[in-house]
1. Go through (1) outside any loop (DSSP other than H, G, I, E, B); (2) out of contact with any helix residue (DSSP H, G or I) (no Cβ under 8 Å at 6 or more places or on another chain); (3) more than 27 Å from Gln433 (Cβ to Cβ) one by one and return the number of the condition Asp184 breaks.
2. Report, by residue number, each residue of region 219-242 that is in contact with a helix residue (DSSP H, G or I) (Cβ under 6 Å, 6 or more places away or on another chain), among the acidic types (Asp, Glu) and under 26 Å from Leu334 (Cβ atoms).
3. Among the listed residues Ser409, Ser443, identify the single one that is surrounded by fewer than 18 Cβ atoms within 10 Å (Cβ to Cβ) and hydroxyl-bearing (Ser, Thr, Tyr).
4. Search region 75-90 for residues being touching a residue at least 60 places away in the same chain (Cβ under 8 Å) and out of contact with any strand residue (DSSP E or B) (no Cβ under 7 Å at 6 or more places or on another chain), and hand back the single one that is farthest from Ser409 (Cα to Cα).
5. Give region 255-301 a look and list any residue that's acidic (Asp, Glu) and under 30 Å from Pro63 (Cα atoms), or say none.
6. From the list Asp308, Asp347, pick out the single residue that is surrounded by fewer than 17 Cβ atoms within 10 Å (Cβ to Cβ), at pLDDT below 95 and not aliphatic (A, V, I, L, M).
7. Scan region 306-340 for residues that are under 26 Å from the mean Cα position of the chain (by Cα) and over 19 Å from Val216 (Cβ atoms) and report the count.
8. List the pairs whose first member sits in region 211-235 and is within 10 Å of Ala268 (Cα to Cα) and not assigned by TED's automatic domain parsing to the domain that holds Asn61, whose second member is among the charged types (D, E, K, R) and crowded, with 22+ Cβ neighbours inside 10 Å, and whose Cβ atoms are under 6 Å apart, counting only residues at least 6 apart or on separate chains?
Amino acid sequence: MTDTGVQAIVAHSRIAQAEYEKNGSQQRYDHAAQAVAWVIMEPARNRRLAELAVETTGLGNVPDKIIKNHRKTLGLMQDIQNVVTFGVISDDPKTGITEIARPKGVVGAIVPSTNPAATPANNIINALKCGNSIVVAPSPKGVACCELLLEYIHAEFAKIGEDPALVQMIPTPGSKEKTQTLMDQCDMIVCTGSQNNVHRAQTAGTPAVAVGAGNVTVIVDETADLDGAAEKIRASKCFDNATSCSSENSVVVVDAVYDDFIAALVRAGGAFYADEAALVSKLWPDGHLNRSVIAQDADKMITALDVDVAEGTEFLVVPTSGIGPDHPLSGEKLSRVLALYRASDFDAALDMTLKIQAYQGAGHSVGLHSALDERAYTLATAIPTSRIIVNQAHTFATGGSFTNGMPFSLSMGCGTWGGNSVNENVNYRHFLQSTKIIREISSREPKLEDIFDGYWSLAGK
């Protein structure tokens, strides 16, 4: 069923985008993107958006959301600062091909409640940088934050004379019908969120960039800096109360350093909690994740789970060996709970990681704490994953960091392993297409022997 309100918004967005493209320039596109970036990075607005996000979703914490809003946006703006997205983007006399940047049109963005300001802002910046308009469909809990974000954006647009119709959202209250209409009516879908939304996006019939679920597994081998690894896992696991799809969910530790690494995790603020059955019954009381635990501060999580741990505990470490649907600890927990697996050696750790990823999180990313770089290559050729994060705090590294070369993003593609069409971090390139001018050049036709000499020497003619 088509929602007429959404249909009207998309039609309005299409008119605005046509004007934006017709009268576009690199400067105009850059200024529009900068306006949105400054909205979410300006300290007072950043804080208000972070406060409203936590207040209305009940997920995460304000200080970390402020950091996320700022650093993710700063990194994105650095990534796109000098990127050409208007006019000629390449001109190769050797091939005779000139490539002209072209927008995709009206972008429909499906965004989650876990990052109700940062994710839509990221999508809006990328869309505007490439000459598109965008309509956002927030999750029900993210509506208030998205409304405020757009209010701020439109106020900033007024300063530079930009059309507010370039950035809109579906009418409230949201519904599956309204989101479906957006997906049907727009020119491109970008979807970050539940697997249900991802599936709907990829089957809507509209070109879609949709990303799969995370369930990060990290291997700690016998050569790792144990205290360094433990501190990075703590920082990553606890950041914004584990709302990120890149948050570590399981750690597989080789036998030689297992006990020492538990001690390192405890020194880093973890609490070793051996009663797996009791914790599972409290974390999944009715077969579903306990909502009073999801993305909560440590003290609230501990109270909700009613566990006896040391004062100052920041996260729980729960030993387990089971993998699969009958063992929920092996899946995504969206909380400060870390599953701990023991492996006899690195090969066994790799095998465990394969099984965990096969159950949930295939294609997303795997972590490795090791002094042996060759083990990263081993994992990269053995595990169906898009990223091997080496000796880093996973949450910060996977979606782009100032200390690695990954593009800044809040949406990580998982490739065909995760049922996605992309396996890179979603970035401006996914919001851009091109028209190529192809000219005739001098013939480059090879001789047969240029192609087949090596094969003929092996197999004969």
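1. Answer for Asp184: the failing condition is (3).
2. Within region 219-242, just Asp240 meets the criteria.
3. Details: Ser409 fails: surrounded by fewer than 18 Cβ atoms within 10 Å (Cβ to Cβ).
Of Ser409, Ser443, the one residue that is surrounded by fewer than 18 Cβ atoms within 10 Å (Cβ to Cβ) and hydroxyl-bearing (Ser, Thr, Tyr) is Ser443.
4. First pass over region 75-90, keeping only residues touching a residue at least 60 places away in the same chain (Cβ under 8 Å): 75-76, 78-80, 83, 85-87, 89.
Keeping just the survivors that are out of contact with any strand residue (DSSP E or B) (no Cβ under 7 Å at 6 or more places or on another chain) gives 75-76, 78-80, 83.
Numbers: Gly75: 9, Leu76: 7, Gln78: 12, Asp79: 10, Ile80: 12, Val83: 16 Å.
Here the answer is Val83.
5. Quick first cut of region 255-301, residues acidic (Asp, Glu) only: 255, 259-260, 275-276, 286, 297, 299.
If the condition is that a residue be acidic (Asp, Glu) and under 30 Å from Pro63 (Cα atoms), then Asp297, Asp299 are the ones that fit.
6. Numbers: Asp347 fails: at pLDDT below 95.
After ruling out the rest, the residue left standing is Asp308.
7. 0
8. Short answer, once both residue conditions are applied: Ile233/Glu248.
The values are calculated or read from the model by the stated rules, or taken from the named source; none is laboratory data. Here the structure is a predicted model, which is why all the values come from computation and not from measurement. For neighbour counting, all protein chains shown are included, and Cβ atoms are generated from backbone atoms with ideal geometry for every residue, glycine included.
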